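Where a number appears in this text, it was derived from the coordinates with a stated rule and is not lab data. Not measured: the values here are computed from a predicted model. Don't worry about glycine lacking a Cβ; one is built from the backbone with ideal geometry, like all the others, and counts go over all protein chains shown.
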Amino acid sequence: MKRDDRFYMISMVCKLLNVHPQTLRLYEREGFIKPKRINRQRVYTDEDLDRLNFVIKLTKDLGVNRAGVDIILRMRERMQLMEEALQEIFRYVDDDIREQIEKKLKKFFEEI
């Protein structure tokens with residue numbers, strides 16, 4: 001945990017995201033979020049809030065079921081890892097080649 005992290009208690013998260021505490025507990029049981037614990041009390045970071053907001057959008061706005069949310073979250077994590085790996089590769093690639101690859105990747109992701 002970083003020193004400048006902000007923490008939110010479950011009651012504040014419920015108010016901010018307009019969800020019931022049981023919903024947050026369910027999402028934790030499903031593995032969608034992993035809140036930190038301080039003295040056995042759940043505390044949520046800004047990163048947790050972003051992830052929760054995404055999960056809520058998927059379930060409430062788009063009607064995705066829990067199994068679908070799980071798949072989407074895992075795919076999203078894999079994509080982030082792939083992006084990090086590509087960035088690492090780009091550090092070693094010539095500038096001209098890097099620009100060509102970035103343009104092709106941008107076009108590819110726009111088509112998806």
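Of the residues R78, R51, R40, which is among the basic types (K, R) and loosely packed, with under 10 Cβ neighbours inside 10 Å?
Values: R78 fails: loosely packed, with under 10 Cβ neighbours inside 10 Å; R51 fails: loosely packed, with under 10 Cβ neighbours inside 10 Å.
That would be R40, the only listed residue that is among the basic types (K, R) and loosely packed, with under 10 Cβ neighbours inside 10 Å.
Just need a number here: residues in segment 19-59 that are assigned to a loop (DSSP other than H, G, I, E, B) and closer than 11 Å to V69 by Cα. Give the derivation first.
Residues of segment 19-59 that are assigned to a loop (DSSP other than H, G, I, E, B), as a first pass: 19-20, 31-35, 39-40, 45.
From what is left, the residues that are closer than 11 Å to V69 by Cα are 31-32.
Qualifying residue count, segment 19-59: 2.
Going by the conditions given, is T59 surrounded by 12 or more Cβ atoms within 10 Å (Cβ to Cβ), touching a residue at least 24 places away in the same chain (Cβ under 8 Å) and polar (S, T, N, Q)? Here the answer is no, as T59 does not meet what is asked.
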